[in-house]
Every structure is written in structure tokens, then in C-alpha cells.
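The values are calculated or read from the model by the stated rules, or taken from the named source; none is laboratory data. No experiment lies behind these values; they were computed from the predicted model shown. Here Cβ is always computed from backbone atoms with ideal geometry, including for glycine, and neighbour counts include all displayed protein chains.
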Ligand code: HPA
């Protein structure tokens, strides 16, 4: 058995020993977006440090627990806090928790993140369905030997974001009166925000949103055969010709403001998956 399969087996063993519940849906809560966790009927909350193979989260605003429980009656596994490349983790480390969830039986991954709005039609606080992405991080979690037990060497990326989940989210938002925009997310390495020239470039290559996460997780999830869905909260407007300085606190505050509608969307979506 490969090293990675052995590590995954150890992680799954710990997860299985800590809860009777077998989650069907994995959820990643982004920067400033942790309040969905309050809606979980918690069976157990496992600090990342107690799961073999998991890196430990260091960023402000990220709690660092895997919560197993139920939301709207459905068994879920919620990552409270995520791992970013800019923290110094390797792409493989970032992929590990996703692969562990898949090995634990989770087939659907719901992603959320705080992102900059490149599309001039977006306002701060908007919720945007991620319909596609561009990997501009200079990293890929699939680099290195490939274990066919996890997924194929050359995974298809023609539809990384699941069409049925996107449709379900559109219907849910319409029914709930939640305004949802749609766009392409470009993943950058960070940790600095972009220069004006970089924002101009990112807009020109076809991106609507920019952020420092999500893409490696989605690649790992698609590789492993999971159905993926993602929503960004626009926390700052990235308009190269009218750019204002922005602080991390402002980004957190903007994410916090949009949190109630994001939480409502996720709750209703989980009900109907
Ligand atoms: N750039 C990159 N990541 C971000 C931004 C941004 O402007 N806003 C929130 N996350």
C-alpha cells in the first residue's frame, strides 16, 4: 500500500472512532464565514491536530476543527478553518483533508470563501456562485506520484463545479429571495493583495473573483471523484482604476455582513441535496 493510502487509512480510522455518524457532505468555511458551524447538531468536534496527516491551521479567523454532525438533518463534516498555500503548507498537505473526507465516504464538497470582486458589477457583500476557476497559484496538489486508488493521473476539468448543484443553488436562491451572482474564480498564491496591474491582468484573462484558496481543494476533490460546489463572498472591489487600500479587518467585516445570507443558502441547499 502507498504511503498516502496508509496515511488516509489512519485518518479515517480516527474519524470513524470519534463518531458513529457517517457524513455525506463536506463543507469548507472560508475566512470570516464560520457561523454555519453554529447550525450544526454537533456529534463531535475534532481539532485538526488530532487527525493523522492533517496540517494545523494558523490564520486569524480560522478555528481549526473538523466538526461531524448534522445540518438540516443531513450528516455533514465541516472544516472550521482551512489551509492556505501562503501559510507554507505544501499543495499535498492541502489536498490531504479533502482526500481523507472522500476516503471516509463523503462525495459532495461545498466550498465557501472570501474573495475580491474583479467584475465591476459586483458589490461588497455579494454572493457569487463559482462556475469555473483559473489556477494561477503556480502549484498543483496533484504534482508527484499518482495513486490510481485516489484518482486518475490526468483528471478531466471540463466541469469542476457540479452542474446539478449549481442548478439546485440557483433554484434555492430564487425561492429564498437571495441574490446570487455567478462568476469565474482565479486562485492566486497571496498573501499580499494584488497590485492594480495584477487586478487588470486577472480581469483580462477572464476572472470575476480573486482569492487565495479553494482551487487546490477543488482540484483534489475533482481528482478524487467528488461533486463540488462553491460560493464566494465579495469582500472588496478590485477595480484597477479606482482601487482603494483594503485591510484584512475590512475583509473580515465584509464577510461577516454577508454571512447570514450565505448560511441560509447553504442550509437550504443542504436540505435539498
Ligand atoms: N485578492 C486576493 N484575495 C482576496 C482578495 C483580493 O482582493 N479579497 C479577499 N481575498
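For this structure, a couple of remarks:
- First in region 231-246 and over 15 Å from residue 198 (Cα atoms) and in contact (Cβ under 8 Å) with a residue 60 or more places away in the chain, second anywhere and away from the ligand (no atom under 11 Å from the Cβ) and assigned to a loop (DSSP other than H, G, I, E, B), Cβ under 8 Å, 6 or more apart: 233/33; 233/125; 233/126; 234/122; 234/123; 234/125; 234/126
- Filter result for residue 33 (at pLDDT below 90 and closer than 20 Å to residue 70 by Cβ): yes
- Index of the failed condition, residue 68 passing every other in (1) within 16 Å of the ligand (Cβ to nearest atom); (2) not in a helix (DSSP H, G or I): (1)
- Hits in region 26-44 - residues which are part of a helix (DSSP H, G or I) and touching a strand residue (DSSP E or B) at 6+ places or on another chain (Cβ under 8 Å): 34, 36, 37, 39
- Matching option when the condition is at pLDDT 90 or above and under 20 Å from residue 253 (Cα atoms), among 51, 28: 28
- Residues being modelled with pLDDT of 75 or more and over 19 Å from residue 267 (Cβ atoms) - total across region 54-70: 5
- Checking each residue in region 173-199 for being part of a helix (DSSP H, G or I) and away from the ligand (no atom under 13 Å from the Cβ) picks out 173, 174, 175, 176, 197.
- Selection count, region 89-108, where residues are outside any helix (DSSP H, G or I) and more than 21 Å from residue 210 (Cβ to Cβ): 6
- Flag for residue 266 being away from the ligand (no atom under 16 Å from the Cβ) and assigned to a strand (DSSP E or B): no
- Test: residue in region 32-48 that is under 26 Å from residue 158 (Cα atoms), in contact (Cβ under 8 Å) with a residue 60 or more places away in the chain, within 16 Å of the ligand (Cβ to nearest atom) and buried (at least 22 other Cβ atoms within 10 Å of the Cβ): no
- Tabulated pairs, region 186-199, first without any contact (Cβ under 8 Å) to a residue 60 or more places away in the chain and under 15 Å from residue 242 (Cα atoms), second in a loop (DSSP other than H, G, I, E, B) and more than 8 Å from the ligand (Cβ to nearest atom), C-beta under 7 angstrom, 6+ apart or interchain: 196/240; 196/243
- Restricting region 204-248 to residues that are part of a helix (DSSP H, G or I) and within 12 Å of the ligand (Cβ to nearest atom), the residue that is surrounded by the fewest Cβ atoms within 10 Å (Cβ to Cβ): 248
- Checked against the criterion of being surrounded by fewer than 23 Cβ atoms within 10 Å (Cβ to Cβ), more than 18 Å from residue 266 (Cβ to Cβ) and touching a residue at least 12 places away in the same chain (Cβ under 8 Å), region 71-83 has no qualifying residue.
- Selection within region 13-25 - part of a helix (DSSP H, G or I) and either out of contact with any strand residue (DSSP E or B) (no Cβ under 6 Å at 6 or more places or on another chain) or under 30 Å from residue 252 (Cα atoms) (or both): 13, 14, 15, 16, 17
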